[in-house]
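Since the structure comes first, as structure tokens, the remarks are kept for the end.
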Amino acid sequence: MDKTHKRLARSLCLKVLFAHSFSANNFDDIIKNFFKKKDLDLDEIKYSDVQIKFASKLFHITIENQDEIDKLVEKKLVNWEINRLATVDKIILRMSLSEMLFMDEIPPKVSITEAVEIAKEFSSEDSSSFINGIMDAVYNENFNKKNIKQ
């Protein structure tokens, strides 16, 4: 899957995670509710089986590691609490940090770049800078010092 198609899969995952934050439904149920047509057409975007599989994997990794990721983010926030973050920013951080820390096939720097680009599309310019800062801080703490997975 090329990077454009993978970004669409990440965007799909973000949308499903966002819906999950309000409904607590599982990935498959949310997908069924999102998509009215059998060809999985949403907002003129058609997702391939590979994209849906990637989005599902990222969704499950994010949900499984949410508490651990929230603790990492909380440590990086200065005079702020995670529950005060915009929902979409919190979800982008959870998803992107889960990808960076728990999906070995994705280089960490790619996870950072994708988080910033997705934030620009779904949140604000300020949010993309904020997310970049948190992602870089976690990267430096977990990868630069250990010199692993670079």
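The values are calculated or read from the model by the stated rules, or taken from the named source; none is laboratory data. Here the structure is a predicted model, which is why all the values come from computation and not from measurement. Note that each Cβ is placed from the backbone with ideal geometry, even for glycine, and that neighbours are counted across all protein chains shown. Accessible surface is based on the protein model in full, side chains and every heavy atom, while ligands, DNA and RNA are left aside. Shrake-Rupley method; radii C 1.70, N 1.55, O 1.52, S 1.80 Å.
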Mean 1/r over all different Cα pairs, inverted: what Kirkwood radius does segment 99-149 give, in Å?
11.2 Å
Could you do me a favour and compute the accessible area per residue for the chain, 1.4 Å probe, result in Å²?
56 Å²
Please list S124, S56 from largest to smallest accessible area, probe radius 1.4 Å, with all protein chains kept in place.
S124, S56
What's the carbon and sulfur percent of the chain's accessible surface, probe 1.4 angstrom, rounded to a whole number?
49 percent
Residue farthest toward the positive end of the dipole of segment 52-150, with Cβ of Lys/Arg at +1 and Asp/Glu at -1: which of A119, I52, M135?
M135
From the backbone phi of segment 3-20, what are the Karplus-calculated ³J(HN,Hα) couplings (6.51 cos²θ - 1.76 cosθ + 1.60, θ = phi - 60°) in whole Hz, Gly and Pro given as x?
5, 5, 5, 5, 5, 4, 5, 5, 5, 4, 4, 4, 4, 5, 4, 4, 4, 4
So how long is each side of the chain along the principal axes, counting just the alpha-carbon atoms, biggest first, in Å?
47, 31, 28
Run the helix sum for the chain: -39,500 (n - 2.57) per DSSP H stretch of 4+ residues, divided by residue count, reported at 222 nm to the nearest 500 deg cm²/dmol.
-22000 deg cm²/dmol
Given contacts defined as C-alpha pairs under 8 Å and at least six residues apart, what's the relative contact order of the chain, whole-number percent?
21 percent
Once both label points are put 7 Å beyond Cα along the C-beta direction, the R84-M103 separation in nm becomes 3.1 nm
